[in-house]
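Right, one structure below, let's go through it.
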Amino acid sequence: MPLNNRPEITVTIVSWNTQDLLRDCLKSLLTENVRRIAEVHVVDNNSHDGSTEMVRREFPEVRLFANSENLGFARANNQSWRESKGRYWFLLNSDTIVKPGAIEKLIAFMDARPRAGMATAKLLNTDGTPQFCAEPDVTISKAFLDFFRLHLLLPAKLRGKVFQSRHFSYDEAQKLKTTWGTALITRREAVEEAGALSEEFFMYGEDFEWSLRIRRKGWEIWFCPEAEIVHFGGQSSNQVWDDRGRSDLNWDGCYRALRLHRGKTYVKTLQVIFYFMTLVELAMDNLFRRNTLINYHRAKLDYHSRKLFSGTKNLKSNESKSR
């Protein structure tokens, strides 16, 4: 710890039935230097796989919050936030491997940018390819530009800066509109001003809403290419939902966040646009035999059909499966 006994950073890992992954994550995180500058919290959401016993036995320096129920992602992280002391707060998924120096590089990156309220590390698949964590905003205008492929008229570098996601190279620092909560460093002052994660969300969408709220307070969001973290992805949610269930929850979280910030009319308009665009996309998939996209577009069309023609489906019934 620093001489003033205040850690540079509080690392919060929320875990649910991921004992082996959590062990590997903590081993990769707790280097000698990180032990000196960080406090580490593990918030366990009532796992039944021995996770809490493993943390107590193998990582006694970690502060463990052992919940008697599954509080969800936002509430569990906020539980740690209320007890945190670091200058920075770092949200880290349990299904990650922290590469050497990543924590120190994130702190240096934020120190060099006083208006950065949050920044994501560079997330990697197990084969070393980047995950598309540099996210643009979800807007009506972008939906039209994507659908008509107008973004392809831009030079590749400019397209990456404007549309990010799969168009971005992931090899340079970049301001973002939104990002994921997988490996996300936040500045204490930004969290105190904008508030912590919204507990209206159980899982999915809370990071998107938080990004919108942070930006509304005038803080910047960044992508840090130097700090690399391997992310396996979906290791808790895979125990409860299939791909379609996860896709539904992702869309629901996105629309819930947009409804909070832009209203019901905006969300309904966006849903109508996506419905008709997906109809066309699915027809093109079948015409040109783009088999790899058919299932994705079918799931997207099914979701928007239910939203538009069957009333707003409350997905809390799905969320409750993991509680």
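Worth a mention:
- Alpha carbon centroid spacing (whole Å) that separates region 88-120 from region 1-64: 16 Å
- Over the chain, relative contact order from alpha-carbon pairs under 8 Å, at least 6 apart, %: 19 percent
- Rounded to 10°, Cα long-axis angle of helix 19-29 versus longest principal axis of the chain: 70 degrees
- Taken over the Cα atoms of the chain, the convex hull encloses 136 Å³ per residue.
- Under a Gaussian network description of the chain, with springs only between Cα atoms under 10 Å, the residue in P225, P114, P130 that fluctuates furthest is P114.
- Sparse-neighbour loop sites [GluC sites (Glu not before Pro); region 42-96; at most 10 other C-beta within 10 Å; DSSP]: E61, E69
- Taking A66, A112, A38 in turn, the Gaussian network model of the chain (Cα-Cα springs below 10 Å) assigns the largest fluctuation to A112.
- Expressed as a whole percent, the accessible area of region 23-133 that falls on carbon and sulfur atoms is 49 (1.4 Å probe).
- DSSP beta bridges in the chain [antiparallel fraction, %, rounded to 5]: 40 percent
- DSSP-assigned coil residues among chymotrypsin sites (Phe, Trp or Tyr not before Pro) in region 140-191, each with at most 16 further Cβ atoms within 10 Å: F148
- The mean sequence distance of close C-alpha pairs (under 8 Å, at least 6 residues apart), as a share of the length of region 112-267, puts its relative contact order at 34 percent.
- Lysines with Cα under 19 Å of K142, excluding same-chain neighbours fewer than 8 positions away: K157, K161, K175, K177, K264, K268, K300
The values are calculated or read from the model by the stated rules, or taken from the named source; none is laboratory data. Remember, it's a predicted structure, so these values are computed and weren't measured experimentally. In this analysis, Cβ positions are derived from the backbone assuming ideal geometry, glycine residues included, and neighbour counts consider all displayed protein chains. Note: areas computed on protein heavy atoms with side chains; ligands, DNA, RNA excluded. Shrake-Rupley method; radii C 1.70, N 1.55, O 1.52, S 1.80 Å.
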